[in-house]
Amino acid sequence: MSKIDVKEKSTKIRVTLSELLGIKNVNALPKLKSVNLNVGLGQNKGNKDMVTYIVGALGKITGQKPVITRAKKAIAGFKIRSGDEVGVRVTLRGNKMYDFIDRLINVSLPRIRDFKGINPKSFDQSGNLTIGFKDQVAFVELGHDGLDKPFGVEVTFTISNSNPSSSAQFLKELGFPMKVS
């Protein structure tokens, strides 16, 4: 999708949303700020090969270098020391964000078995949406390499000026498949 297509589509979405939500001010409409991908290392925190694989896989999926997150505090119950690697994350904004969303809607979500749409109850009070993937197989960028080393991915869409119902309407206008309640 070129920049012109995105600009035309966003203008159409603004007009439609302002009619549906009854908001006249364009600046008060819901707006997509960022997309965050997060992988918790869990049992893999001591396995350097798996951590390297996860960092590389997230880099292929997003087209951006991931950041390794570290524990701030020691938690004896989880056998975590301060400074241990506990996760990998990527924050997407701008064109990379919209490219990722396009691939997610048109390629990744249709690859999920028994996917019937995004549940409208998946939104938090601020209108942000979080989708969890049990494994990374849905992401076509990895090919068949990821079948032997599965890991879960959490994708969070941060939306400003929103609540759950207006966010659901906004994402539906963007092309997200929503489950009918």
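The values are calculated or read from the model by the stated rules, or taken from the named source; none is laboratory data. Predicted, not measured: the structure shown is a model, and the values here were computed from it. Cβ: placed from backbone, ideal geometry, glycine included. Neighbour counts: every protein chain shown.
Worth a mention:
- N106 meets the stated requirement of being over 12 Å from the mean Cα position of the chain (by Cα) and either surrounded by fewer than 12 Cβ atoms within 10 Å (Cβ to Cβ) or within 21 Å of S166 (Cα to Cα) (or both).
- Inside the stretch 125-144, residues that are surrounded by fewer than 13 Cβ atoms within 10 Å (Cβ to Cβ) and of a type in the set (D, E, K, R) make up a count of 1.
- Selection count, the stretch 145-166, where residues are in contact with a strand residue (DSSP E or B) (Cβ under 9 Å, 6 or more places away or on another chain), under 30 Å from D49 (Cβ atoms) and surrounded by fewer than 19 Cβ atoms within 10 Å (Cβ to Cβ): 3
- In the stretch 84-98, the condition of being touching a Phe, Trp or Tyr at 6+ places or on another chain (Cβ under 9 Å), among the hydroxyl-bearing types (S, T, Y) and under 30 Å from T11 (Cβ atoms) is met by no residue.
- Flag if I159 is within 29 Å of A28 (Cβ to Cβ), under 12 Å from the mean Cα position of the chain (by Cα) and β-branched (V, I, T): yes
- Residue list for the stretch 60-95, restricted to those being exposed (fewer than 11 other Cβ atoms within 10 Å of the Cβ) and at pLDDT 90 or above: K65
- Hits in the stretch 78-91 (condition: under 13 Å from G42 (Cα atoms) and without any contact (Cβ under 8 Å) to a residue 40 or more places away in the chain): F78, K79, I80, D84
- Among residues that are among the basic types (K, R) and in contact (Cβ under 8 Å) with a residue 12 or more places away in the chain, R103 is included.
- Residues in the stretch 3-55 that are surrounded by 15 or more Cβ atoms within 10 Å (Cβ to Cβ), more than 18 Å from S160 (Cβ to Cβ) and out of contact with any strand residue (DSSP E or B) (no Cβ under 7 Å at 6 or more places or on another chain) were compared, and the one that is modelled with the lowest pLDDT is K9.
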